[in-house]
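Note sheet for the following structure.
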Amino acid sequence: MNDQTQITVSRTTSYADRLRAYKVKIDDVVVDSIRARESVTIPVVPGRHSLTLRIDWCGSEQIDFEVSPGQHLFFECGSNLTGWRIFLALFYIIFWTRQYLWLRRAT
């Protein structure tokens, strides 16, 4: 049995930023980066934390989570610039910078 407390972030792929890496931030500290179709597993201290992703000045909404000792949480992420939304790129990088990337807890 693994008693290590950790989170895993998995990224989908999208045309807009498929060659770029997202910075993974836990508690406002960059702890890793993630590329398209990759997953990263990060050990964390049990307790309350916040998780965000960044790419240049854009990023995702912050997710607050609590993790217990030995627990493993899973998150998914990707770009909102998929399909017809690619035409809204200028709005995302100027006005909707915190919605450029999506981040959610995996079920």
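So what is the relative contact order of the chain, in percent, for Cα pairs below 8 Å that sit 6 or more residues apart?
Values: 242 pairs, mean separation 33.7, N = 107.
Computed value for the chain: 31 percent relative contact order.
For the chain, take the convex hull of the Cα atoms, compute a quarter of its surface area, and give me that in nm², please.
Details: hull surface 27.1 nm².
That works out to 6.8 nm².
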Handout entry: Zero-based 5 Å bins, Cα pair distances in the range 42-88, whole percents
Key = 5, 15, 23, 20, 15, 10, 8, 4, 1
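With viscosity set to 1.002 mPa s and temperature to 20 °C, compute the Stokes-Einstein D of the range 1-52, Rh being the Kirkwood radius across alpha carbon pairs; µm²/s, no decimals. Could you put the intermediate results ahead of the total?
On the way: Rh = 12.1 Å.
Once the numbers are plugged in, D ends up at 177 µm²/s.
Every read-out reported here was derived from the displayed coordinates using simple, explicitly stated rules and does not represent laboratory data. The structure presented is a predicted model; accordingly, all values stated were derived computationally and were not measured.
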